[in-house]
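Notes follow the structure.
The values are calculated or read from the model by the stated rules, or taken from the named source; none is laboratory data. Just so you know, these numbers come straight off a predicted model, no measurement behind them. For neighbour counting, all protein chains shown are included, and Cβ atoms are generated from backbone atoms with ideal geometry for every residue, glycine included.
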Amino acid sequence: MSTTPPSSSSPTVSNSHDIFSVNPYESHPNLRPVEAEVLWEYAKLAQHVKSLSQKTRALHEEPDKTMLARLRVLEKKMGLVLTLFKASVWGVINDQPAPEAYYDSSNNTTIQHH
């Protein structure tokens with residue numbers, strides 16, 4: 001199976017979106033129809049990967065402003081939740097009665113629950 005690009009006699013792809021509608025390998029003289037179809041699928045896959053790479057690079061270079069704003073709001077809310085949680089745990093601990101201690105004959109302090 002030959003993997004050479006289409007020759008000058010075959011139709012050329014003018015832009016990247018034509019690859020999804022026109023098979024540039026279709027009339028290549030050295031390819032069987034199934035080979036042309038396989039190469040076309042690879043070309044479409046390559047275009048998808050290239051598009052994904054460009055979008056990923058764009059996201060990496062400039063963060064999404066709306067996503068950052070939403071994450072800041074979430075960060076503030078999580079800080080508030082943590083503070084309230086700590087306060088409620090402190091309140092529960094303080095509401096418990098203090099254990100009674102007594103001294104036995106050896107002057108050991110032992111906690112007894114009644």
| task | State yes or no: is Met67 among the aliphatic types (A, V, I, L, M) and at pLDDT below 85? | result | yes
| note | Considering residues that are touching a strand residue (DSSP E or B) at 6+ places or on another chain (Cβ under 6 Å) and at pLDDT below 60, the number found within the stretch 70-111 is 1
